[in-house]
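What follows is a single structure, written as structure tokens, with notes after it.
The values are calculated or read from the model by the stated rules, or taken from the named source; none is laboratory data. Since this is a predicted model, take the numbers as computed values, not measurements. Using ideal geometry, Cβ is built from the backbone for each residue, glycine included, and neighbour counts are taken over all protein chains shown. In case anyone asks, the SASA skips ligands and DNA or RNA and just uses the protein heavy atoms, side chains included. Shrake-Rupley method; radii C 1.70, N 1.55, O 1.52, S 1.80 Å.
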Amino acid sequence: MASPKLNLALNKDAGVIISLAANKMGTSKRNIISLALVEILKNVYDKRFIDSLASDITTTVSTATTISEQVQIKIEDIDRHGYSRRVFFGLLISDYFLNNRDKFSLEQNELDEGMKSKGHIEITIDKATKDKIISYCEKNAMTVSSLFSHYILNEEIKTCAYVISEKAHLNLLLSENVKSELKNKAKSTNRTYRFYLNLVAEQIISNIST
């Protein structure tokens, strides 16, 4: 069975931010939109707020993204106050990226082709941690590698230790740009990059559990 699709009408500037974020992370725009949807679906929106977005944000870019069945169910349960799914979620996603452009530390310049190339990194990780992250990504229609890339580039890693009760292996596909940032951040904390990736995993678990 094909995965559900969500058609969107996006603001042009928000579309540029999404493209730049995807380029920086070495992933697809679908994964970037999925990251935003996780945050958006945590909240309830009244008609006055949506009407204000419709008044302030021009949506001229049409796109479509793949979502999970779990996200589809959440979307169907939301009161859209008379707006179509395409416009309602297009406005919310546009607003999210217009207000969070600084979080993604975007560069206007295209990355060199060499920095876009990808390579595998395998780490040893706690099995329960791995299973929770994979389940979270499947539920929210994003790849595990894109989630790690986002945390490496854009999120503060506040955890300083981890425990492996049962060993498991996790294979990540990261762009050279992300790997370069990973190694810089690991070095700045006087840790190996594999150790740092376990801290990233612990931070993910901490954040998605709240």
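Using the heavy atoms of the protein chains alone and a 1.4 angstrom probe, what is the accessible area of the chain per residue in square angstrom? Each step should come with its number before you reach the end.
Numbers: 11050 Å² over 210 residues.
Heavy-atom SASA per residue in the chain reads 53 Å².
Pairs Lys132/Lys167; Lys139/Lys183; Lys127/Lys179: which are spaced more than 26 Å apart, C-alpha to C-alpha?
Numbers: Lys132/Lys167 14 Å; Lys139/Lys183 29 Å; Lys127/Lys179 23 Å.
Violating the 26 Å limit, Cα to Cα: Lys139/Lys183.
Per DSSP helix of 4 or more residues, -39500 (n - 2.57); summed, then divided by the residues of the chain. What does that give at 222 nm, rounded to the nearest 500? Mind dumping the intermediate values first?
Values: 10 runs with 117 residues, N = 210.
After summing the helix terms and dividing by residue count, I get -17000 deg cm²/dmol.
I want the local charge near Pro4. Using Cβ-Cβ distances under 15 Å, sum +1 for each Lys or Arg and -1 for each Asp or Glu among the other residues.
Details: positive: Lys5, Arg30, Lys74, Arg85, Arg86, Lys139; negative: Glu69, Glu76, Asp77, Glu138.
Around Pro4, the charge tally is +2.
What residues of the range 51-69 lie in the reach of a label at Ala2, counting those whose backbone N is under 14 Å from a point 7 Å from the Cα along Cα→Cβ?
64-67
Normalised by the number of residues in the range 81-204, what is the relative contact order in percent for Cα pairs under 8 Å and 6+ residues apart? Before the final figure, lay out the partial values.
Values: 114 pairs, mean separation 41.9, N = 124.
Result for the range 81-204 is 34 percent.
Here are several values of Rg and Dmax of the Cα atoms in Å: [x] 17.9, 54; [y] 17.0, 52; [z] 16.0, 52. Which one was derived from the coordinates shown?
Among [x] 17.9, 54; [y] 17.0, 52; [z] 16.0, 52, the one derived from this structure is [x].
Please compute the net charge surrounding Ala128, taking Lys and Arg as +1 and Asp and Glu as -1 over other residues with Cβ under 15 Å from its Cβ.
Working: positive: Lys127, Lys130, Lys132, Lys167; negative: Asp126, Asp131, Glu166, Glu202.
Here the count lands on 0.
As I understand it, the dipole of the chain uses +1 on the Cβ of Lys and Arg and -1 on the Cβ of Asp and Glu, about the Cα centre. Which of Ile50, Leu197, Tyr151 lies farthest toward its positive end?
Final value for the positive-end residue is Leu197.
What is the mean projected area of the alpha carbon convex hull for the range 46-110, to one decimal in square nanometres? Spell out each step's value before the answer.
Values: hull surface 23.5 nm².
The Cα convex hull of the range 46-110, projected and averaged over all directions, gives 5.9 nm².
Provide Rg over Rh for the range 128-210; use the alpha carbon set for both Rg and the Kirkwood Rh (inverse mean inverse pair distance). Intermediate results must be reported in sequence, preceding the final value.
Details: Rg = 12.1 Å, Rh = 13.0 Å.
Rounded to two decimals, Rg over Rh is 0.93.
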